[in-house]
């Protein structure tokens, strides 16, 4: 246990140091650092998408009248595309920190929890001989993850609950303690409350549960298999939570389907892989080859997880990636971030190798430059932040 405690302290220290290094040139407002201009100061961190939009929700809780009084260009119904989980946490810490600092604090704290959940997942299930190293790799790859965990973003909260749901589900399969299944269902519900793709976690686990039942039917028959499946009823809280959010929208917006009427925020199209179509509004360019590599690595990771008999992870990765193939957005690396913890597990043997550690050291500056370049450009054009605090 002392070794585990030491590892957890190292993880927290690593998160704090990497976050500090990302924030430092902004805090110092350096006019020229590594060829980049940070003279707008720390407001750049506060103004990064989509943090302020969750602050708006935390301050208004979807009240159209209150939203209209906050100076952002989006109409009130736009915020229906942002689920309330992250905003509720911002609201919880705002009395002590103010809304802007609370926004960053929740991202930082949930990153720590997500890293802890990942660490215990790979350690408890013996998925690597080096759980600390693999967790540190998880904290900096992909570089898009380093960005979203150092600004206002719902992804760290969502990833924490997603990894927790998978962890407790796999624990239940080993130990058959019903409390573990309940913890898994609660985690999945919180993932749903945090971000719309939470329903994909429910679908993936439901597919896996029915797949296992199908395998048993030859031995025990459909009736007994169906009865055994009833023990998974706690997961009904996930679609119920989604319906609860839509019901709340029906009260605040007078539109049960406000999420689907929130504007160009869903990005789902047919046929698939429209993220490679320059004519799509959120694509708009031809330099898109990296998206192909993302799909290759992550679909292949899902198949590797099947080979490694890590079926709950595999079902989630493949379900999520099939859904992501219908997303028409250039920033596909962000949309697929929730599968990254399991992709890293799939490639564990490579990622903890000495050769990869050397490559990671060589590319550390590249990851840092990419992150800063993105953060500097990905900002809300809003010079006055006083109404957000």
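The values are calculated or read from the model by the stated rules, or taken from the named source; none is laboratory data. Here the structure is a predicted model, which is why all the values come from computation and not from measurement. We place every Cβ from the backbone using ideal geometry, glycine too, and count neighbours over all the protein chains shown.
How about region 69-80: which of its residues are in contact with a helix residue (DSSP H, G or I) (Cβ under 6 Å, 6 or more places away or on another chain) and either without any contact (Cβ under 8 Å) to a residue 60 or more places away in the chain or in a helix (DSSP H, G or I) (or both)? Correct list: 76, 77, 79, 80. For region 310-325, the condition of being outside the structural domain of residue 133 (by TED's automatic domain parsing) and outside any helix (DSSP H, G or I) holds for at least one residue. Here are 66, 36, 89, 21: which of them is modelled with pLDDT of 95 or more, surrounded by fewer than 17 Cβ atoms within 10 Å (Cβ to Cβ) and touching a helix residue (DSSP H, G or I) at 6+ places or on another chain (Cβ under 8 Å)? After ruling out the rest, the residue left standing is 21. Every condition in (1) in contact (Cβ under 8 Å) with a residue 60 or more places away in the chain; (2) in a helix (DSSP H, G or I); (3) more than 21 Å from the chain's Cα centre (by Cα) is met by residue 14 except one, and the failing one is (3). Restrict the check to region 264-271 and report whether at least one residue is in a helix (DSSP H, G or I), touching a residue at least 40 places away in the same chain (Cβ under 8 Å) and either assigned by TED's automatic domain parsing to the domain that holds residue 65 or surrounded by 16 or more Cβ atoms within 10 Å (Cβ to Cβ) (or both). No, region 264-271 contains no residue that is in a helix (DSSP H, G or I), touching a residue at least 40 places away in the same chain (Cβ under 8 Å) and either assigned by TED's automatic domain parsing to the domain that holds residue 65 or surrounded by 16 or more Cβ atoms within 10 Å (Cβ to Cβ) (or both).
Looking across region 83-134, just one residue is more than 28 Å from residue 252 (Cα to Cα), assigned to a helix (DSSP H, G or I) and free of Cβ contacts under 8 Å to residues at least 12 places away in the same chain, and that is 109. Every condition in (1) surrounded by 15 or more Cβ atoms within 10 Å (Cβ to Cβ); (2) touching a residue at least 60 places away in the same chain (Cβ under 8 Å); (3) under 20 Å from residue 313 (Cα atoms) is met by residue 211 except one, and the failing one is (1).
Just one of the listed residues (374, 342) is under 30 Å from residue 119 (Cα atoms), surrounded by 14 or more Cβ atoms within 10 Å (Cβ to Cβ) and assigned by TED's automatic domain parsing to the domain that holds residue 279, and it is 342. Residue pairs whose Cβ atoms lie under 6 Å apart, separated by 6 or more positions or on different chains, with the first residue in region 354-374 and touching a residue at least 12 places away in the same chain (Cβ under 8 Å) and the second surrounded by 14 or more Cβ atoms within 10 Å (Cβ to Cβ), are 367/143; 370/143; 371/143; 371/146; 371/147; 372/36; 374/147.
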